[in-house]
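The values are calculated or read from the model by the stated rules, or taken from the named source; none is laboratory data. Computed from a prediction, not measured in an experiment: that's the story for all the values here. As a convention, Cβ positions derive from the backbone with ideal geometry for all residues, glycine included, and neighbour counts pool all protein chains shown.
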Amino acid sequence: MQPVVPDGNRDIVLSCIDINRWFGGLHALKGVSIDIRRGEILGLVGPNGSGKTTAVNAITGFFPPQKGEIRFGNVQLNTLKPHQVAQQGIARTFQNVALFKGMSVLDNILLGRHNFMKPSVISAMLYWWWAQKEEVANRDKVEEIIDLLQLESVRDEMVDVIPLGTQKRVELARALVAEPSFLILDEPMAGMNQEEKEYMVRFILDAQEALGLTILLIEHHMDVVTAICDRLVVLNNGEKIKEGLPNEAISDPAVVAAYIGRVDNAND
């Protein structure tokens, strides 16, 4: 499948403008600027330690930039806490599976609805008239996503016993039930075999189409990013070294050098 060439006139939904992040003496992000357009899948790639996850943590409020600006529509995200960022319609998955062991697939997915649940003493007292309606609405949304990601057969299983590929799908489901308009996927194919990767690609594309998502994808598998991403941004040592169409970006000499350490002279 060939990536779709993005329309440059599409609305920019998220802008990182000259963002910088330090951890002590380590300058992890060095003036990185990224624009993400509505409805696209933007791939964020680079060698280990290049700053990809740091950029995601800056966007989601875990480690906000100390310099620069991040805007989501008309909202500046720099000063927002992670739960406030989530309330803007931004959801994410994590590089390492972050499910709650000892809980079922269904209960893990339900946790993604926490922004929509408003428990109180009054609602508990008036459960049958008040809280039950809210609970049913939350469960309906969860069942919709379970159906979309084909998790019906494991919905009552403990997450501890299901395969890694299915665990990754559960984590994606938990992010989707938060009803995001902007989804960040941090290495969703890590540790998967080829068949599991193909399934996950299909589910990501199905979710994007069904839910109208804009997606920021961090991924090391170049076959995946060239197949589904509209554009790539390449980081190395905390700096943006390339931005462009996938095949063009990964063949750039600076990108090749960042991954393999050198570029042979074609004339040698």
Restricted to segment 33-59 and to residues being in a helix (DSSP H, G or I) and either hydrophobic (A, V, I, L, M, F, W, C) or closer than 23 Å to M222 by Cβ (or both), the residue modelled with the lowest pLDDT is T53
Select, from E135, E198, the only residue that is outside any strand (DSSP E or B), farther than 23 Å from G39 by Cα and at pLDDT below 95. E135
Test I204 against the criterion of being in a helix (DSSP H, G or I), closer than 25 Å to A86 by Cα and touching a residue at least 12 places away in the same chain (Cβ under 8 Å), and give yes or no. yes
Would you tally the residues in segment 79-105 being aliphatic (A, V, I, L, M), surrounded by fewer than 16 Cβ atoms within 10 Å (Cβ to Cβ) and either under 15 Å from the mean Cα position of the chain (by Cα) or closer than 20 Å to C16 by Cβ (or both)? 2
Do you know which residues across segment 3-32 are polar (S, T, N, Q) and at pLDDT below 95? N9
When you scan segment 209-242, how many residues do you find that are touching a strand residue (DSSP E or B) at 6+ places or on another chain (Cβ under 6 Å) and either without any contact (Cβ under 8 Å) to a residue 24 or more places away in the chain or crowded, with 17+ Cβ neighbours inside 10 Å (or both)? 18
